[in-house]
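Take a look at the structure below.
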Amino acid sequence: MSGKKERKIRIVDHRHCRICGRAIPPDKELCSAECEQVRARVEARQKRMRNMIMIMYVVIFLVFFLILIIGGRSS
């Protein structure tokens, strides 16, 4: 031990913007209107993707169902 006193560094309460990572006050979620627009675009894209995946699942289910029905009747 060198005999020097250790300094304790206190970090101010904060959060980080979910989009750009900047430090912001703890009561805010995003730092700017630009980040809010980015989040809105990302959420819209995710919603479209979820809807497309659900449609694909339904179509695949219907195709398999039709194959089972048609395949069962031919024998």
Could you tell me which of Ile55, Ile67, Cys31 has its Cα farthest along the dipole of the range 15-73 towards the positive end, charges placed at Cβ (Lys, Arg +1; Asp, Glu -1), taken about the Cα centre?
Ile67
What FRET efficiency comes out for the pair Glu29/Lys8, r = Cβ-Cβ distance, R0 = 35 Å, nearest 0.05?
0.75
Give, rounded to the nearest 20 debye, the magnitude of the charge dipole that the range 15-73 has about its Cα centre when Lys and Arg contribute +1 at Cβ and Asp and Glu contribute -1 at Cβ.
120 debye
Over the Cα atoms of the chain, what is the Rg over Rh ratio if Rh follows Kirkwood?
1.51
Counting other C-beta atoms within 10 Å, and keeping those with at most 16, which DSSP coil trypsin sites (Lys or Arg not before Pro) do you find in the range 1-43?
Lys4, Lys5, Arg7, Lys8, Arg10, Arg18, Arg22, Lys28
Treating the angle as unsigned and between 0 and 90°, give the value, to the nearest 10°, between the Cα long axis of helix 33-73 and the longest Cα principal axis of the chain.
30 degrees
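Values in this text are rule-based calculations from the coordinates and carry no lab data. The structure displayed is predicted, hence computed values, not measured ones. Every residue, glycine among them, receives a Cβ derived from its backbone with ideal geometry; neighbour counts consider all protein chains shown.
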